[in-house]
Amino acid sequence: AQSVTQLGSHVSVSEGALVLLRCNYSSSVPPYLFWYVQYPNQGLQLLLKYTTGATLVKGINGFEAEFKKSETSFHLTKPSAHMSDAAEYFCAVSEIAGTASKLTFGTGTRLQVTL
Amino acid sequence: AAGVIQSPRHLIKEKRETATLKCYPIPRHDTVYWYQQGPGQDPQFLISFYEKMQSDKGSIPDRFSAQQFSDYHSELNMSSLELGDSALYFCASSPPGSFTDTQYFGPGTRLTVL
C-alpha cells in the first residue's frame with residue numbers, strides 16, 4: 001500500500017517569507033501525487049498534481065512542487081507567503097483501487113502566516 | 001464552472017438514528033468517492049463508485065451503505081449512528097479517463113451525532 005508522510009503538523013512563516021511544506025511518499029509503483037488545500041470549514045481544493053513528465057509542477061496561487069524520485073519527496077513551496085495562504089495543506093498519493101482510484105492523504109500541515 | 005454539490009451541508013442527529021448524505025457530481029463525471037474526515041484528522045477513503053457499480057471499499061463500517069444512481073448522483077446511508085461518526089463527509093468526483101484524473105471535492109457535509 002502507498003503512504004504519505006508530512007513532516008511538521010504546524011508551520012509558521014512571516015508574510016513575504018518562503019513557504020516550504022514537506023511531503024515524502026512510499027510507493028511500489030510510479031506515484032501520482034497531489035497537494036490539496038483546505039480553508040476553515042471548507043472542502044478540499046486542488047493546488048497541483050504530478051502524474052508523469054516534468055518533475056517541477058506549478059499550481060494555483062503561486063505554489064509549486066518538485067517530484068524527486070531519489071528522495072521520494074514532493075515538497076510544496078511558494079516564494080513569498082501571503083496572509084491568505086493560511087490554511088491546512090494535505091499531500092496525497094493516488095493508487096488504483098478497483099475500477100477507479102483512491103487517495104491516501106498525509107496528516108496535513110497547518111500553515112500560519114504572521115505579519 | 002459547476003462543482004460537486006453535497007447536501008445537506010450540516011446535519012445533527014441523535015445516537016442510533018439514521019442519516020442520508022447526498023452527492024451530485026460534476027456533470028459528465030462518472031466516478032464518485034466518499035471520504036470521512038474526523039476532527040483534526042486527514043480524510044479517510046470510505047467507498048467509490050464507477051459507472052454506478054461499487055469500485056472499491058475502504059474503512060467503511062457495516063452500518064454504512066452507499067450507492068450511485070442512474071443520474072450518477074450518490075447517497076451515503078448511515079444507520080445506528082454513534083458519537084464517533086461525527087465528522088466531515090466529503091464527496092469527490094472524477095471524469096471518465098485514466099486513473100490519474102483529479103478528484104474534485106465537494107464542500108462536505110458536517111455530521112454531528114449527539
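Values in this text are rule-based calculations from the coordinates and carry no lab data. The structure displayed is predicted, hence computed values, not measured ones. Ideal geometry is used to build each Cβ from the backbone, glycine not excepted, and the neighbour counts take in all protein chains shown.
Note: relative contact order over region A:22-115, using C-alpha pairs below 8 Å and six or more positions apart, is 29 percent. Comparing B:E17, B:E75, B:E51 in a Gaussian network model of chain B where C-alpha atoms under 10 Å apart are linked, the largest mean-square fluctuation is found at B:E17. Peptide A:85-98 shows a mean partner chain C-beta count of 3 within 10 Å per residue C-beta.
Translational D (Stokes-Einstein, µm²/s) of chain A at 37 °C and 0.692 mPa s when Rh comes from the Kirkwood sum over C-alpha pairs? Result for D is 230 µm²/s. Taking 8 Å as the Cα distance limit and 6 or more residues as the minimum spacing, I'd like the relative contact order of chain B as a percentage. Normalised by residue count, the contact order of chain B is 37 percent. When the P(r) of region A:54-108 is calculated, the portion above 18 Å amounts to 47% of the C-alpha pairs. Working note: Karplus 6.51/-1.76/1.60 with θ = phi - 60° gives region A:26-40 the couplings 10, 7, 8, 10, x, x, 10, 10, 9, 10, 10, 10, 10, 7, x Hz, where Gly and Pro are set to x. The residues A:S101, A:S70, A:S9, B:S59, when put in order of fewest to most other Cβ atoms within 10 Å, stand as A:S70, B:S59, A:S9, A:S101. Residues considered: B:T18, B:T102, B:T31. Largest GNM mean-square fluctuation over chain B, using C-alpha springs under 10 Å, is found at B:T102. Cross-link list A:K78/A:K102; A:K58/B:K57; A:K69/A:K102: which exceed 24 angstrom alpha carbon to alpha carbon? Long pairs (Cα-Cα over 24 Å): A:K78/A:K102; A:K58/B:K57.
Once region B:1-81 is represented by equal point scatterers at the alpha-carbon sites, with solvent omitted, what log10 I(q)/I(0) does the Debye formula produce at q = 0.11, 0.17, 0.22 Å⁻¹? Cα-only, vacuum Debye calculation for region B:1-81: -0.29, -0.71, -1.15.
For region B:17-113, the set of trypsin sites (Lys or Arg not before Pro) satisfying both a DSSP loop assignment and a count of at most 12 other C-beta atoms within 10 Å is given as B:R28. Considering only B:P95, B:P61, B:P27, the Gaussian network model of chain B with Cα springs below 10 Å gives its largest mean-square fluctuation to B:P61. Neighbouring Cβ atoms from other chains, within 10 Å of the Cβ of residues in A:100-111, number 6 on average. A Cα-only calculation for the protein assembly as shown places Rg and Dmax at 17.6, 51 Å. Subtracting the Cα-Cα distance of A:S9 and A:L115 from their residue separation scaled by 0.36 nm leaves 36.1 nm.
For region A:18-64 and region B:37-64, compute the distance between their C-alpha centroids and round to whole Å. So the separation of the two Cα centres works out to 22 Å. Excluding same-chain neighbours fewer than eight residues apart, the aspartates and glutamates reachable from A:K49 by a Cα-Cα span under 19 Å are A:E64, A:E66, A:E71, A:D85, A:E88, A:E95, B:D42, B:D101.
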